[in-house]
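Single-structure report; data block below.
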Ligand code: SF4
Ligand code: SF4
């Protein structure tokens, strides 16, 4: 499966809004508000850096078919 058939998804139960992933994203497509993290998928290059740095493993690269509701389109 080509990598761009995949998306970085956020497990909101695990994410504690620490902001670490925001700082490492080379495309600046991760946004942190007071209550929620979101990723602008169109700008994401699937570099995986955010996944590697998340201390609680709240981010995961998943295929589109796995995405139901926990991702910002
Ligand atoms: S995979 Fe890379 S480009 Fe996409 S949100 Fe994570 S750090 Fe940013
Ligand atoms: S690094 Fe992980 S826990 Fe921290 S804001 Fe990003 S997804 Fe959430």
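Values in this text are rule-based calculations from the coordinates and carry no lab data. All values reported here derive from a predicted model rather than from experimental measurement.
Just a few scattered comments:
- Along each principal axis, Cα extent of the range 3-65, largest first, Å: 29, 22, 19
- Full-stretch length increase - residue 31, residue 57 - with 0.36 nm per residue and alpha-carbon distance subtracted: 7.6 nm
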